[in-house]
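Data block below; observations after.
The values are calculated or read from the model by the stated rules, or taken from the named source; none is laboratory data. If you're wondering where the values come from, they're calculated on a predicted model, not measured in any experiment. Quick reminder, even Gly has a Cβ in these numbers, built from the backbone with ideal geometry, and neighbours come from all protein chains shown. These accessible areas exclude ligands, DNA and RNA; they are computed on the full protein's heavy atoms, side chains included. Shrake-Rupley method; radii C 1.70, N 1.55, O 1.52, S 1.80 Å.
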Amino acid sequence: MNPTVDLQSLLQSAYLVRTAYDLPSIRAGHTQGHVAYYPADNTCVVSFAGSNDRHDWGDNFNFFHRKYLGDRGAARVSAGFYGHAETLALAVLDEMKKQNVPDDAKIRFQGHSLGGVAIHIAICETPRFNRLGNEAITFAAPKAGNQGWVNHFNARCRVRLLRVVREGDPVPNMPPLSPWWRHVGMEYRLPASGGGFDHPLDSYIASLLVAIQ
């Protein structure tokens, strides 16, 4: 059963991710992001785009190289995803410094596909991101790691994470037919309405517009 969500808020997050594609303020590795600080409510909005080219999928979407985290090696994630998350996190922290974002600012994360799974890892492993009050919404994110990773995330992460999955999108099920890989956070399943191929961000936006009507 889907959790209760504000569909208008999800749509706003999807449009913010579109900004990361169209008007990036940071470029890191093979993807890009957008960081904007709003002093009125002391909120920093951080958006990550997905893959930009085939190199991303060949290099970062490699499920056979695994990064060991804490918990005596039980927590394992894709090494490509971990490296992507680390690169983006450092770029965001640098951009936040340039924009003089206060240390007590609330951070609102959103990302698509590869950018989404990078958020899953970054918010758990980056102290500045891993704080009560911060929020994260991702669209079409693949699985990051094993059950040990899920346990590691649940024990450490203080950020509310919502994953939006469009029915028919194969990427959130990647890698297919593998019991080893698991998702973290809460899932909201979006009907495959609004037309278009199942995975692109615009298809998620189209489905949200139909759901809101």
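A search for C-beta distances below 8 Å between a residue of the stretch 10-23 that is open to solvent by 90 Å² or more (accessible area, probe 1.4 Å) and any residue that is not in a helix (DSSP H, G or I), counting only pairs 6+ apart in sequence or on different chains, returns LEU23/HIS34.
Yes or no, residue by residue, for (1) touching a Gly at 6+ places or on another chain (Cβ under 7 Å); (2) at pLDDT 95 or above; (3) crowded, with 19+ Cβ neighbours inside 10 Å; (4) closer than 19 Å to ALA14 by Cβ:
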| residue | (1), (2), (3), (4) |
| --- | --- |
| ARG128 | no, yes, no, no |
| GLY133 | no, yes, no, no |
| THR138 | yes, yes, yes, yes |
| LYS143 | no, no, yes, no |
| ASN151 | no, no, no, no |
| ALA155 | no, no, no, no |
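Taking the criterion of being at pLDDT 90 or above, open to solvent by less than 30 Å² (accessible area, probe 1.4 Å) and closer than 21 Å to ILE123 by Cα, the residues of the stretch 157-185 that qualify are CYS157, VAL159, LEU161, LEU162, ARG163, VAL164, VAL165, PRO172, VAL184.
Could you list, in sequence order, the residues of the stretch 93-126 that are of a type in the set (Gly, Ala, Ser), modelled with pLDDT of 95 or more and closer than 21 Å to VAL164 by Cα?
The answer is GLY111, GLY116, ALA122.
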